[in-house]
Amino acid sequence: MDTLDRFGAEWFVRPGDVVFDIGAFDGDTAAAYLERGAATVFAFEPLARNRERMPGALTADPGFRLVPYALAERNGQQDLIVPRRSDGAASLSRAFFDMTKRDDVDAGEIHTVETRRLDDLGLPRASFWKIDVEGAELGVLRGAERTLRESPPDAIQVEIFLLDEAVYLETLNRLQRSFPHVWAIGVKAAGELVHYDITTATISSPQFHVDLANGGTPHYYASSRRFPEWHARAIG
């Protein structure tokens, strides 16, 4: 689990919480949430071989709930495109795959997976959502409109990639409609973390995107409370 995911677990997950781990891969983040005391973690992972990688100790944990679907804006089936370099980089978005693949001869391995709208699953309210779905974040949010309106979490951690400006802006807009605070964490050249409130000026700044890239993948957050008063000590 990378550093910012570890920080996310420390910042947001408290004993007794319900957590949605959307894009669970091999279960490392789900395990971290349970170690933090989460009562229940719903781990959404559509790729069968990633589910098979999850350790037995995790899958046997009474608080772990494995959900074998990709969350999306509609129920049905969709092609999941898996690059050669990593099963963890599988995406429902062909555009994302084409723009991020590292080798021109990699056409992607196609797996047809089940998709579901979060709104239709009848799950209990979760206090924290982690969304790591490789360019398909907007579909997750579109399929969760009612949940975000009627029983939103306290916070969402989401990777948002600036590959298509319209998709990027709509994703941020949906978060800003649902939460009073939307922000991001970057990494300065010297290695220290830096907090950015998301504004038009922020997302127009080249340095902002450089700092986010330094973190490995762009980590954004939406929350009901301001970051500085809530978690500033965790950065220091």
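Looking at the range 123-140, which of the residues that are of a type in the set (Gly, Ala, Ser) and assigned to a loop (DSSP other than H, G, I, E, B) is surrounded by the fewest Cβ atoms within 10 Å (Cβ to Cβ)?
Step by step, filter the range 123-140, then rank; the result is Ser127.
In contact with a Lys or Arg (Cβ under 7 Å, 6 or more places away or on another chain), more than 27 Å from Ile185 (Cβ to Cβ), crowded, with 20+ Cβ neighbours inside 10 Å and not hydroxyl-bearing (Ser, Thr, Tyr): does that describe Ile22?
Numbers: in contact with a Lys or Arg (Cβ under 7 Å, 6 or more places away or on another chain): yes; more than 27 Å from Ile185 (Cβ to Cβ): no; crowded, with 20+ Cβ neighbours inside 10 Å: yes; not hydroxyl-bearing (Ser, Thr, Tyr): yes.
No: the conditions fail for Ile22.
Does the range 95-102 contain any residue that is outside any helix (DSSP H, G or I) and either touching a residue at least 24 places away in the same chain (Cβ under 8 Å) or within 20 Å of Pro124 (Cβ to Cβ) (or both)?
Here is the first cut: in the range 95-102, the ones outside any helix (DSSP H, G or I) are 101-102.
Checking the rest, the ones that are also either touching a residue at least 24 places away in the same chain (Cβ under 8 Å) or within 20 Å of Pro124 (Cβ to Cβ) (or both) come to none.
No, the conditions are met nowhere in the range 95-102.
Of the residues Asp119, Asp98, which single one is under 26 Å from Leu172 (Cβ atoms) and touching an Asp or Glu at 6+ places or on another chain (Cβ under 9 Å)? Before you say what the answer is, go through the steps one by one.
On the way: Asp98 fails: touching an Asp or Glu at 6+ places or on another chain (Cβ under 9 Å).
Only one candidate passes the filter, namely Asp119.
Spot the failing condition for Gly88; the list is (1) of a type outside the set (A, V, I, L, M); (2) touching a residue at least 60 places away in the same chain (Cβ under 8 Å); (3) farther than 29 Å from Trp11 by Cα; (4) surrounded by 14 or more Cβ atoms within 10 Å (Cβ to Cβ), and only one is missed.
(3)
Can you find even one residue in the range 192-203 that is farther than 22 Å from Ala43 by Cα and acidic (Asp, Glu)?
Just the residues of the range 192-203 that are farther than 22 Å from Ala43 by Cα, to begin with: 192-203.
Narrowing further to those that are acidic (Asp, Glu): 192, 197.
Yes, because at least one residue in the range 192-203 is farther than 22 Å from Ala43 by Cα and acidic (Asp, Glu).
Quick check on Gln176: is it closer than 17 Å to Gly23 by Cα and at pLDDT 95 or above? Working first, answer last.
Working: closer than 17 Å to Gly23 by Cα: no; at pLDDT 95 or above: yes.
Against the criterion (closer than 17 Å to Gly23 by Cα and at pLDDT 95 or above), Gln176 does not qualify.
Of all residues in the range 141-151, which are loosely packed, with under 15 Cβ neighbours inside 10 Å and in contact (Cβ under 8 Å) with a residue 24 or more places away in the chain? Explain how you work it out, then say what you get.
Residues of the range 141-151 that are loosely packed, with under 15 Cβ neighbours inside 10 Å, as a first pass: 146, 149-151.
The answer is Arg146, Arg149, Ser151.
If Leu162 meets every condition in (1) more than 20 Å from Thr200 (Cα to Cα); (2) at pLDDT below 95 apart from one, which number is that one?
The failed condition is (1).
Please work out which residue is surrounded by the most Cβ atoms within 10 Å (Cβ to Cβ), limiting yourself to the range 157-171 and to residues that are among the aliphatic types (A, V, I, L, M) and out of contact with any helix residue (DSSP H, G or I) (no Cβ under 7 Å at 6 or more places or on another chain). Talk me through it step by step, then tell me what you get.
Start the filter on the range 157-171 by keeping residues that are among the aliphatic types (A, V, I, L, M), which leaves 158, 160, 162-163, 166-167, 169.
Applying the additional criterion that residues be out of contact with any helix residue (DSSP H, G or I) (no Cβ under 7 Å at 6 or more places or on another chain) yields 166, 169.
Numbers: Ala166: 8, Leu169: 13.
Among them, the one singled out is Leu169.
Condition first: aromatic (Phe, Trp, Tyr), surrounded by 19 or more Cβ atoms within 10 Å (Cβ to Cβ) and within 14 Å of the chain's Cα centre (by Cα). Can you find one or more residues in the range 215-228 that meet it? Outline the logic, then answer.
Going through the range 215-228, the residues aromatic (Phe, Trp, Tyr) turn out to be 220-221, 227.
Filter once more, keeping what is surrounded by 19 or more Cβ atoms within 10 Å (Cβ to Cβ): 220-221, 227.
Checking which are within 14 Å of the chain's Cα centre (by Cα) leaves us with 220-221.
The answer is yes, given that some residue of the range 215-228 is aromatic (Phe, Trp, Tyr), surrounded by 19 or more Cβ atoms within 10 Å (Cβ to Cβ) and within 14 Å of the chain's Cα centre (by Cα).
The values are calculated or read from the model by the stated rules, or taken from the named source; none is laboratory data. Because the structure is predicted, anything quoted here is derived from the model rather than measured. Note that we place each Cβ from the backbone using ideal geometry, even for glycine, and neighbour counts take in every protein chain shown.
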